[in-house]
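Just passing along the structure, written as structure tokens.
The values are calculated or read from the model by the stated rules, or taken from the named source; none is laboratory data. Nothing here was measured: the structure is a model prediction, and the numbers come from that model. Here the Cβ is made from the backbone with ideal geometry for all residues, glycine too, and neighbour counts use every protein chain on show. Note: accessible area is taken over every heavy atom of the protein model, side chains too, but ligands, DNA and RNA are not part of it. Shrake-Rupley method; radii C 1.70, N 1.55, O 1.52, S 1.80 Å.
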Amino acid sequence: MPKPAIPLEELKAQACQCHACELGQTRTNLVFGVGDERARVMIVGEAPGKNEDLQGEPFVGAAGKYLDELLGYAGLNREDVYIANVLKCRPPGNRNPRPEEIEACAPFLREQTRTINPQVIITLGNFATKFILKTDRGITGLRGTVQRAGRFVVVPVFHPAAAIYDRSKRPLLEDDFRMIGRMLAGGE
């Protein structure tokens, strides 16, 4: 018999007390996750940035605005999905997550995923994709494909921030979200 899911509020309270790595000492706010707790789609990003750390919510800056636009290509909006990150605390200076930080946060993301039990997980960028798929393959080779991780369908895509800095990624990201929309509608 599978163990019961941990309610998200209880899991968030546990994460608020976490100091398993140094990021717990330097965060302004825990950035746990937000959205529909019964969502068909879960979006997993890398780590909170400056705006997210200040507001305690994932994807509230420029990348978040673009993510909202991308969701529209899939026929979704923010209220339809659950958004989380691999890390729940901001790395100083928005540096890349370190392996020990990912390991310390992993139980929280695993429980979030188990509790929400989405039909599809969209991974944004390298860190989320490598973590969810347990792979060393980069996002460039995996983006826009449909993968599996256990019982979950996983669609790796470029991180929205990458398309802000490199506009040539925009058409690819937009196409990937259109494909996700068709997939959710039963067309792929």
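Using the Karplus equation 6.51 cos²θ - 1.76 cosθ + 1.60 (θ = phi - 60°), what ³J(HN,Hα) coupling, rounded to whole Hz, does each residue of the range 153-165 give in order, writing x for Gly and Pro?
In residue order, the calculated couplings are 7, 10, 10, x, 9, 4, 5, x, 4, 4, 7, 6, 7 Hz.
Using alpha carbons only, how many angstrom separate the centre of the range 58-86 from the centre of the range 118-139?
16 Å
Give the accessible surface of the range 87-188 per residue, rounded to a whole number of Å², with probe radius 1.4 Å and ligands, DNA and RNA excluded.
47 Å²
Roll a 1.4 Å probe over the protein chains and send me the accessible area per residue for the range 22-64 in Å².
I get 43 Å² per residue for the range 22-64.
A further question on this structure: Taking the range 89-170 on its own, what percent of its Cα-Cα pair distances exceed 19 Å?
Values: 1400 of 3321 pairs.
Result: 42 percent of Cα pairs exceed 19 Å.
Something else about it: Given H placed on each backbone N at 1.01 Å, which residues far from Ile43 in sequence or on other chains put an amide H within less than 5 Å of it?
Amide H to amide H, under 5 Å and 5 or more residues apart or across chains, Ile43 pairs with Tyr82, Ile83, Ala84, Ile122.
State the percentage of accessible surface on the range 34-180 attributable to carbon and sulfur atoms; use a 1.4 Å probe and exclude ligands, DNA and RNA. The partial results should precede the final answer.
Working: 3110 of 6490 Å².
Carbon-and-sulfur percentage of accessible area, whole number: 48.
Another question, if that's okay. Run the simple label-point estimate for Phe152 and Thr135 please: 7 Å along Cα→C-beta, distance reported in nm.
So the label points at Phe152 and Thr135 sit 1.4 nm apart.
Antiparallel versus total DSSP beta bridges in the chain: what percent is that, nearest 5?
Within the chain, antiparallel bridges account for around 30 percent of the total.
Give the Debye-formula value of log10 I(q)/I(0) at each listed q (0.09, 0.13, 0.17 Å⁻¹), with one equal scatterer per alpha carbon of the range 1-111, two decimals each.
Each listed q corresponds, in turn, to -0.23, -0.48, -0.81.
Taking θ = phi - 60°, what integer Hz values does the Karplus form 6.51 cos²θ - 1.76 cosθ + 1.60 yield along the range 99-110, in sequence order, with x for Gly and Pro?
Listing the rounded values in order: x, 5, 6, 4, 4, 5, 8, 3, x, 5, 5, 4 Hz.
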